[in-house]
Amino acid sequence: PDDLVKAATIDGAGFFQIFFKIMLPISTPIMVVSIIWQFTQIWNDFLFGASFSSGASAPITVALNNLVNTTTGVKQYNVDMAAAIIAALPTLVVYVFAGKYFVRGLTAGSVKG
């Protein structure tokens, strides 16, 4: 906020002191939300993994696709669902542990108060 920066400048704080003591702590929720979204995007990047990897070095999303689409005979939904949960588990863990920052970051600028 501009008022906060102006007050700190009047008190004699320099640029780096304002940045490290005021701006950086305020922007923690926003940075955590950006990290969560970036992690989710990288984890779910199917096309890159399908294009540049093969065999055992394929990411889990490609392996999940191969598991679901190469089943012959009777469809085993329990195996498909278990694989989907295993593939989604790291993203769910990130959302659970960083969820409070996620909500704070999304609602940080929504209401003036």
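Of all residues being modelled with pLDDT under 85, β-branched (Val, Ile, Thr) and open to solvent by 70 Å² or more (accessible area, probe 1.4 Å) in region 60-113, which is nearest to Ile35 (Cα to Cα)? Just the residue, please. For region 60-113, the residue satisfying everything is Val103. When Ile35, Ile42, Ile22 are checked against the criterion of being at pLDDT 80 or above and closer than 30 Å to Lys6 by Cα, Ile35 stands alone in meeting it. State which residue pairs qualify: first residue more than 20 Å from Thr91 (Cα to Cα) and inside region 20-39, second residue in a helix (DSSP H, G or I) and modelled with pLDDT of 80 or more in any location, beta carbons under 9 Å apart, and separation of 6 or more residues or different chains. Going by the 9 Å Cβ cut-off, the qualifying pairs are Leu24/Met31.
With respect to the conditions (1) in a helix (DSSP H, G or I); (2) at pLDDT below 80; (3) surrounded by fewer than 14 Cβ atoms within 10 Å (Cβ to Cβ); (4) not polar (S, T, N, Q), Val5 lacks only one, and its number is (3). Of the residues contained in region 45-59, one or more are found to be modelled with pLDDT of 80 or more, of a type outside the set (Phe, Trp, Tyr) and in contact with an Asp or Glu (Cβ under 8 Å, 6 or more places away or on another chain).
The values are calculated or read from the model by the stated rules, or taken from the named source; none is laboratory data. Just so it is clear, the model here is predicted, and its values are computed rather than measured. Because the Cβ atoms are built from the backbone with ideal geometry, glycine has one as well, and the counts that use them run over all protein chains shown. Protein only, heavy atoms only, side chains kept; ligands, DNA and RNA dropped before computing areas. Shrake-Rupley method; radii C 1.70, N 1.55, O 1.52, S 1.80 Å.
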